[in-house]
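Peer 1: Below you will find the structure I want to go over with you.
The values are calculated or read from the model by the stated rules, or taken from the named source; none is laboratory data. Worth saying up front: this structure is predicted, and the values here are computed from it rather than measured. A quick note on method: Cβ atoms are made from the backbone with ideal geometry, for glycine too, and the neighbour counts reach across all protein chains shown. Heads up: the accessible areas ignore ligands, DNA and RNA and are worked out on the full protein's heavy atoms, side chains in. Shrake-Rupley method; radii C 1.70, N 1.55, O 1.52, S 1.80 Å.
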Amino acid sequence: MTNTTHFGYKTVAEDEKVHEVAKVFHSVASKYDVMNDLMSAGLHRLWKTFTIAQAGVRPGFKVLDIAGGTGDLSKAFAKQAGPTGEVWLTDINESMLRVGRDRLLNKGLVTPTLLCDAEKLPFPDNYFDRVSVAFGLRNMTHKDQALAEMRRVLKPGGKLLVLEFSKVAAPLQKPYDLYSFSVLPWLGQQIAGDAESYRYLAESIRMHPDQDTLKSMMEQVGLERVQYFNLTAGVAALHTGIKL
């Protein structure tokens, strides 16, 4: 029998999910940053700034940015790692990767870019000082496998950073749901001409593991000192873990 998984609130075959997620991001790639600014009132930039600070990238570091999309984290990491460092921008979606690559080139940053699946990373063991994934883990079919791969490619002492939408504080749940399922698809239609993709994004957030569940998943793949920081009352959360 074919294994199934969720695509938002729908149950689909695992291989079908990959194609459905791809269609979403092919559709929204050109308007991705504009929509992020509208969806989060610009807060996603503050969340990423906090993530960059927690990463503590230094000159000469090797950094892997998974599901790097339009390249916000890669741009900052490349500047911090400097000419002696190595920062890889990767994504499973070619449309998103092209946008990110072109944006980095326009900033004068020449970094390697690679189309790859986070569940099967084409890098050797113990290679990177830092691995990051921002707003990408929830779209992966086998999150435990992806997390294990991220740990594998980290050097001993290296840090994984997972920035993702998470479970909002209880008093905000009702207005957040109203916004997510009414306002967000409307914005998607007006700005990107695609309400359904943004309805999926809202559903995918609800299906993603909450803060404590994700913390446990990171520990189960062998990461140590796992902790998380709630951002904007849990709308997003940054999880970090160390490979010892």
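Peer 1: Among (1) at pLDDT 95 or above; (2) touching a Phe, Trp or Tyr at 6+ places or on another chain (Cβ under 7 Å), where does residue 70 come up short?
Peer 2: (1)
Peer 1: Continuing with this model, one more query. Looking at (1) over 28 Å from residue 22 (Cα atoms); (2) open to solvent by 20 Å² or more (accessible area, probe 1.4 Å); (3) touching a residue at least 60 places away in the same chain (Cβ under 8 Å), can you tell me which one residue 221 breaks?
Peer 2: (1)
Peer 1: Need at least 3 residues that are more than 21 Å from residue 113 (Cβ to Cβ) per element, so show me which strands (runs of 3 or more DSSP E) inside region 1-99 make the cut, counting only ones lying wholly within it.
Peer 2: By residue number, 4-7, 10-13.
Peer 1: If I go through region 62-108 residue by residue, how many of them are more than 16 Å from the chain's Cα centre (by Cα) and open to solvent by 30 Å² or more (accessible area, probe 1.4 Å)?
Peer 2: Result for region 62-108: 14.
Yes/no per residue for (1) of a type in the set (A, V, I, L, M); (2) under 18 Å from the mean Cα position of the chain (by Cα):
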{"position": "127", "(1), (2)": "no, no"}
{"position": "131", "(1), (2)": "yes, yes"}
{"position": "134", "(1), (2)": "yes, yes"}
{"position": "137", "(1), (2)": "yes, yes"}
{"position": "160", "(1), (2)": "yes, yes"}
{"position": "166", "(1), (2)": "no, yes"}
{"position": "191", "(1), (2)": "yes, no"}
{"position": "220", "(1), (2)": "no, no"}
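Peer 1: For region 140-198: of the residues being among the aliphatic types (A, V, I, L, M), open to solvent by less than 10 Å² (accessible area, probe 1.4 Å) and in contact with an Asp or Glu (Cβ under 7 Å, 6 or more places away or on another chain), which is nearest to residue 234 (Cα to Cα)?
Peer 2: The extreme case among them is 146.
Peer 1: Residue pairs, Cβ under 9 Å, 6 or more apart or interchain, first in region 231-244 and in contact (Cβ under 8 Å) with a residue 12 or more places away in the chain and open to solvent by 20 Å² or more (accessible area, probe 1.4 Å), second assigned to a strand (DSSP E or B) and among the charged types (D, E, K, R). List them.
Peer 2: Partner pairs satisfying both residue conditions: 242/159; 242/224; 242/225; 244/224; 244/225.
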